[in-house]
Amino acid sequence: MSTRFLSLSLVLPLILTSCAVGAPPSAGGTSPIPEIEITCAGTMVPAVVHVQALGKNPGLVADPNLVQNRYDWDFGDPAGRWNALPGFNAAHVYDKPGTYVVTLTVIDPAGKTTTRTTSIKVAGDNRKVIYVANEGSDTNAGASPQAPLRTANKALSSATNRCTVAFKAGQTFDISDSIHLKTQDLVVTAYGLDPKVSEPQLPTLRKIDGKGSSMLYVDAKARDVLVQGLLFDSIWPLNGKYGEKKVPARGLTVGGTNIAVRDCTFRNVSDAINNENEPTGMLVQDSMFTDELRAQSIWGEGKDHVYVGNTMKHSRQEHLIRTSGAGVVRLLIAHNAMSRPNNAKGSIELRRSEWFWVTGNTITGGTMRVGPQEQDQQREPNWEQIKCKFGVVEDNRIEKVFVNFRLGTEHVVLRNNLIAYNDGEAILVECVKEGYDQVRKIVDLTIENNTAVNTGTKGKFLKVNGHAEGIALRNNLFVAPKLTTENVQSCAVDVRDKDLSGFTEIDHNVWPAVNGPIYRLQEQPVTAQQWNGTPQVGDDKQVNVQLLANGNAPKEINVGATLPELEVGVGAVQAKGEMKADRKR
């Protein structure tokens, strides 16, 4: 955990400004690359800044070719956390005043590079501070640690614009009724941390019986709100009244603009962070979601969301990250560590999102799904319009999980991932569902430079159930040393369609060398000669490959994923090069 919380030293006032210094458009790509748009930005340190690369041109925002580009951000703050991130959008917290240059580098599939820059001037903190401690009194002004307020409700309801509410470290503050946050430039944090302790003892906000389930309810008018360094808990542990069932406690319900949660821990709540009120600019960073959660770590709805550097250990009833309802437009899920003991619920469940980027995560257990759910037809009057489109899933390490694409997935790239999954298909593309596939389709799905590892005796790299509209399958590697095609459940590619017309390209993939057919079409075996004789197939090979100790393929193979050594989750240190490993297109 970080120790970026309130010190008792004086803070100096200043302001935040921004200006564009972008270079003129350069060649490369299908559409011109617009200037960086600052979606929202705080007014003083700690200043949260959101940026996006798609501009406001409706024609550009609908260009599916942009998912083939590479977008890399540098926030000009090398001492700060997550200074470099990929994605259509990104966010950063500036903790020190100064002038920073934000750089966006876009590389198209041909290798042409376009660079955009903008400058951010961040000023110091002149917020009023309200102190809260168990030994305090709500009759105090709360203006000093020597005369703090006593309750969270009094402190937070007293907060005005440009205010910091600081809870004393190591103490617990009960919340009965939901507390509404309506102000601007608000920081909710900790004070009194012992600098000699590496892991600070966070102050605890604890939900007890009362009105509303949310401890903090961020209203639609709130802006530039940062919640950091707190532990959210309830009086209902796993061995208590509700057991593993959902409890009447939620960490935060979020609306408003430019809201951030970092360095927090969540225990014994249902949803930790629920964005059902569709905030614009939502950052969840470096937080710990324990295995005591009953529902989602993050429920995603809104625009310009970034979930980075978090650790999510389990949920007893629901998914870890789920985008649903209105969905999220422009979403980055990066460098998170997610784990579940089984596959009953999802780790990442993207049911509705546009312009999403999922990168650098470690995912162990659960599910990794892209696409709407089947129940939409009964629940949503406009279910035909619900899609998951314009997305990139790359550079992830996925274990005990298969990657699932469902009807309604359009213009998505799955590239440079390491997928370890035994005795099943590593990638499942579902194109058939009565009552749905007449309206929703799988459209324009690229699967390239992925490595799947299967140490079982049965399984597949890819299963396509039904007819897709444009799958490109290239430069992938399937390592399955024990695979036997005597089992009908075993092959490299299983296409449940009359032919391969649902593919635009199948080329330069390396499949395991086994006795018997390695392909299946219409649930019948297909020989390599038959497979390579179809017009969609280029130069697929069968070779048994042994991976390097880091999970990458030997360079001479020139296919599969190339991933850097990378730590993720709370306390993670980004790998040098910021995920800029060589990519084969």
Exercise for the section: Tell me, yes or no, whether the stretch 476-492 has at least one residue that is among the aliphatic types (A, V, I, L, M) and closer than 28 Å to residue 88 by Cβ. Expected result: yes
Fill in the blank from the handout: Note on the stretch 340-365: residues among the hydroxyl-bearing types (Ser, Thr, Tyr) and surrounded by fewer than 24 Cβ atoms within 10 Å (Cβ to Cβ) are 359, 362, 364
Completion exercise
Residues of the stretch 394-435 being under 18 Å from residue 468 (Cα atoms) and charged (D, E, K, R), in sequence order, are 406, 410, 425, 430, 433, 434
Practice task
With respect to residue 128, determine if the residue is among the charged types (D, E, K, R), surrounded by fewer than 17 Cβ atoms within 10 Å (Cβ to Cβ) and farther than 27 Å from residue 173 by Cβ.
Solution key: no
Handout entry: Hey, residue 254 more than 18 Å from the chain's Cα centre (by Cα), under 22 Å from residue 174 (Cβ atoms), at pLDDT 95 or above and hydrophobic (A, V, I, L, M, F, W, C) or not
Key = no
Problem - Residue match in the stretch 183-203 (condition: touching a Ser or Thr at 6+ places or on another chain (Cβ under 7 Å), assigned to a strand (DSSP E or B) and farther than 24 Å from residue 124 by Cβ) - result: no
Completion exercise
Every listed condition ((1) among the polar types (S, T, N, Q); (2) over 20 Å from residue 232 (Cβ atoms); (3) out of contact with any Gly (no Cβ under 7 Å at 6 or more places or on another chain)) holds for residue 204 save (2)
Exercise for the section: Keeping to the stretch 329-350, report how many residues are more than 11 Å from the chain's Cα centre (by Cα) and of a type in the set (A, V, I, L, M, F, W, C). Expected result: 2
Handout entry: Residues within the stretch 65-85 that are buried (at least 16 other Cβ atoms within 10 Å of the Cβ), closer than 16 Å to residue 412 by Cα and not β-branched (Val, Ile, Thr), tallied
Key = 5
Fill in the blank from the handout: When residue 167 is run through (1) over 24 Å from residue 301 (Cα atoms); (2) surrounded by fewer than 22 Cβ atoms within 10 Å (Cβ to Cβ), the failure sits at (2)
Problem - Residues satisfying the stated conditions in the stretch 395-411, i.e. in a strand (DSSP E or B) and under 15 Å from residue 436 (Cα atoms) - result: 405, 409, 410
Problem - Any pair with Cβ under 7 angstrom, 6 or more apart, that starts in the stretch 520-546 at a residue that is farther than 21 Å from residue 451 by Cβ and in a loop (DSSP other than H, G, I, E, B) and ends at one that is at pLDDT 90 or above and hydrophobic (A, V, I, L, M, F, W, C) - result: 534/500; 536/500; 536/503; 536/506
Handout entry: Subset of the stretch 119-155 that is in contact (Cβ under 8 Å) with a residue 24 or more places away in the chain and among the β-branched types (Val, Ile, Thr) - its residue that is nearest to residue 35 (Cα to Cα)
Key = 120
Exercise for the section: Output the qualifying pairs, or none if there are none: Cβ atoms under 6 angstrom, residues six or more apart or on different chains, first residue in the stretch 461-479 and among the acidic types (Asp, Glu), second residue crowded, with 18+ Cβ neighbours inside 10 Å and in a loop (DSSP other than H, G, I, E, B). Expected result: 469/441
Fill in the blank from the handout: Within the stretch 280-317, restricting to residues that are more than 14 Å from residue 254 (Cα to Cα), touching a residue at least 60 places away in the same chain (Cβ under 8 Å) and more than 15 Å from the chain's Cα centre (by Cα), the one that is surrounded by the fewest Cβ atoms within 10 Å (Cβ to Cβ) is 317
Problem - Hey, residue 177 at pLDDT 95 or above and not assigned by TED's automatic domain parsing to the domain that holds residue 86 or not - result: yes
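The values are calculated or read from the model by the stated rules, or taken from the named source; none is laboratory data. Being a predicted model, the structure only gives us computed values, none of them experimental. Cβ atoms come from the backbone with ideal geometry, glycine included; neighbour counts cover every protein chain shown.
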